[in-house]
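K.L.:
Handing you a structure now.
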Amino acid sequence: MSVNLLRNRWQQLTESEIRRLQVAQLRQYLDNVVLPFSAHYRKLFNELGLTADSIRSLEDLRQIPFTSKSDLLGTAESPNRFKDFILIPDEKVLTHRPSTVLRALTHGREYVRRQFESEFRPIFMTFTTGRSAEPTPFLFTQHDIANLGTAARRVVEICAARREDRLLNTLPFAPHLAFWLAHYAGTEGCVMTLSSGGGKVMGTEGNLRHIRKFKPDVLIGIPTFIYHLLTQAADEGMHCENLRHIVLAGEKVSDGLRVKLRDLAREIGAGNVNILATYGFTEAKQAWPECPYPHDQSPSGYHVYPDLALIEIVDPQTGEILPPGTPGEIVFTPLDARGSVVLRYRTGDYIDGGLTYERCPHCGRSLPRLFRNSSRRSEIKQMHLDKIKGTLVDFNELEHVLDDVQQIGAWQIELRKLNDDPLDLDELILHVQRLNGSDETQLSRELSKRCFDHLDIRPNRILFHDAEEIRKLQGVGTVLKEQKFVDHRPAVNPPAEAGRGVLTAPPTGHRRGEDTAPYLNSSSNGEPETKNLS
Ligand SMILES: [Zn+2]
């Protein structure tokens, strides 16, 4: 009952209805699906003396310990810990359920067997890649694929794409959620889609050719790549008047970048483009989009599907559940997943506007929204800090600082050690693409001052490049995901286990030579990135 109501009226429920129905659905889900068939959670609940009935309100969730990326990673003693999180149905339990007996009587045993197989047999996987760890598989059943299709269809709906639109999906071909979500957005949303595989598969030229011939209304991709693509399109004097939406995945999208992308779109004749960000991670098996908004206003946040995801915002230090509208860390619990299942999953991603249940001012939907307060910088900065030159640097902030400068285009932060000596001083080198013939000396001074004013740190060197050079530096066309942060510091200590978030932007250090990709592969890891450098 609650499942149907949540599913059918997913975008028009009030806060109290959502909370009540979500708790009812969670209890049912724990009772029928998770606790009977998940080795990890059955053991955990037994040890703590908990049952599905222990959860009578959202506040009761705090009795369930968090799960984080590190719980899924293999150790020397148990290399396949991720398997403990895969639901494995017990035939005896299933056969004895009255609903099974009834269905067998009405439809036959073979039908029931096929249904259970569709629900529980893993048939598809995506991967998360931790910095120092083996990629961890996350398994889907047909039931999950159906939910992925539902989530993807809703992305199309919330982003206001039309059936007659053409989608150009430039996300890299990879066993990562973002690519597949974009794929299903087309097939389930009934919209013509062309997946190019991104820069690595056919280069910028190949993607430009598609823009020229396919004339997409919607362009989907990683922000850094889309920026390069549009820069080159503008340089070549291309036209793509019907482009209406740019949907971004895999990286946080700063306000400055939105402005730059909109300007570039204007240069190729698309005068009124919506820049829409999405947020998702492997363990969610879904992603949540922004809806279109007037360009003189701010986006209203990521629209969460209340029948598929229960989101909590917690204090990153204490783990306490925070009230709506309070900044904190995003914690996810699925409400209808099969295959790999994690409860109270700590994303390591910080959202500075918290979770709100207020009606969306732009699209009018009543959905829980993860709200980014773009005018205010994050107050709790520990979530995305790294120590450089002895100073703690907030990379989230650094990204804002650079994207907001109109005279520069793409950029890259390179971290080095002086003389490549691991024990010597850190060096921060800022590579930037200079735009509009601005004066190098003056721009250098301004960038240095901005970095110092916002972050108490000055780059050791600022190097200017043309578009082609910066493309090479970022690996456009050669790596799966373009690199905005590179860490060339030789490691002194093995890196601590760490996480990177879509909403946060720590450096991609220690990942040199390793392909990284969205959804956000890396996003999915639990704790904030920490390194011992002192
Ligand atoms: Zn909206």
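K.L.:
Take the residues in region 1-12 that are part of a loop (DSSP other than H, G, I, E, B) and over 25 Å from the mean Cα position of the chain (by Cα); name whichever of them is nearest to residue 309 (Cα to Cα).
P.N.:
My answer is 9.
K.L.:
A follow-up question, please. Those residues that are in contact (Cβ under 8 Å) with a residue 24 or more places away in the chain and over 14 Å from residue 343 (Cα atoms), I need them from region 62-82; list them, please.
P.N.:
Those that are in contact (Cβ under 8 Å) with a residue 24 or more places away in the chain and over 14 Å from residue 343 (Cα atoms): 73, 74.
K.L.:
Among residues belonging to region 351-367 that are touching a Gly at 6+ places or on another chain (Cβ under 7 Å) and not in a strand (DSSP E or B), point out the one that is farthest from the ligand (Cβ to nearest atom).
P.N.:
Checked region 351-367; the qualifying residue farthest from the ligand (Cβ to nearest atom) is 354.
K.L.:
So for region 494-505 (the condition being outside any loop (DSSP other than H, G, I, E, B) and either modelled with pLDDT under 90 or surrounded by fewer than 21 Cβ atoms within 10 Å (Cβ to Cβ) (or both)), does at least one residue qualify?
P.N.:
No, region 494-505 contains no residue that is outside any loop (DSSP other than H, G, I, E, B) and either modelled with pLDDT under 90 or surrounded by fewer than 21 Cβ atoms within 10 Å (Cβ to Cβ) (or both).
One line per residue, one yes/no per condition, for (1) part of a loop (DSSP other than H, G, I, E, B); (2) more than 24 Å from residue 163 (Cα to Cα); (3) not β-branched (Val, Ile, Thr):
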{"position": "207", "(1), (2), (3)": "no, no, yes"}
{"position": "212", "(1), (2), (3)": "no, no, yes"}
{"position": "216", "(1), (2), (3)": "yes, no, yes"}
{"position": "232", "(1), (2), (3)": "no, yes, yes"}
{"position": "257", "(1), (2), (3)": "no, yes, yes"}
{"position": "262", "(1), (2), (3)": "no, no, yes"}
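K.L.:
Conditions: (1) surrounded by 21 or more Cβ atoms within 10 Å (Cβ to Cβ); (2) within 27 Å of residue 10 (Cα to Cα). Residue 164 meets all but one. Number of the miss?
P.N.:
(1)
K.L.:
Residue by residue through region 148-176, note down the ones that are part of a loop (DSSP other than H, G, I, E, B) and among the acidic types (Asp, Glu).
P.N.:
Correct list: 164, 165.
K.L.:
Taking strands (runs of 3 or more DSSP E) that fall entirely within region 267-350, which contain at least 1 residues that are crowded, with 21+ Cβ neighbours inside 10 Å and within 14 Å of the ligand (Cβ to nearest atom)?
P.N.:
Output list reads 274-281, 286-289.
K.L.:
Here's something else I'd like to know. Is one or more of the residues making up region 196-209 buried (at least 24 other Cβ atoms within 10 Å of the Cβ), closer than 19 Å to residue 291 by Cα and out of contact with any Gly (no Cβ under 6 Å at 6 or more places or on another chain)?
P.N.:
For region 196-209, residues buried (at least 24 other Cβ atoms within 10 Å of the Cβ), closer than 19 Å to residue 291 by Cα and out of contact with any Gly (no Cβ under 6 Å at 6 or more places or on another chain): absent.
K.L.:
What are the pairs with Cβ atoms under 6 angstrom where one residue, in region 1-26, is among the polar types (S, T, N, Q) and the other, located anywhere, is modelled with pLDDT under 90? Sequence gap at least six, or different chains.
P.N.:
Partner pairs satisfying both residue conditions: 25/2; 25/3.
K.L.:
Turning to a different aspect of this structure: Would you confirm whether any residue within region 133-145 is within 17 Å of the chain's Cα centre (by Cα) and assigned to a helix (DSSP H, G or I)?
P.N.:
no
K.L.:
Among the candidates 6, 73, 58, which residue alone is closer than 25 Å to residue 358 by Cα, modelled with pLDDT under 95 and in contact with a strand residue (DSSP E or B) (Cβ under 8 Å, 6 or more places away or on another chain)?
P.N.:
Residue meeting the stated conditions: 58.
K.L.:
Restricting attention to strands (runs of 3 or more DSSP E) lying wholly within region 376-422, give those where 3 or more residues are touching an Asp or Glu at 6+ places or on another chain (Cβ under 9 Å) and at pLDDT below 85.
P.N.:
Passing ranges, in order: 385-388, 391-394.
K.L.:
Go through region 25-61 and report how many residues are basic (Lys, Arg), more than 22 Å from residue 339 (Cα to Cα) and part of a helix (DSSP H, G or I).
P.N.:
Total meeting the criteria: 0.
The values are calculated or read from the model by the stated rules, or taken from the named source; none is laboratory data. All of these numbers come straight from a predicted model, not from anything done at the bench. Every residue, glycine as well, gets a Cβ built from its backbone with ideal geometry; the counts of neighbours run over all protein chains shown.
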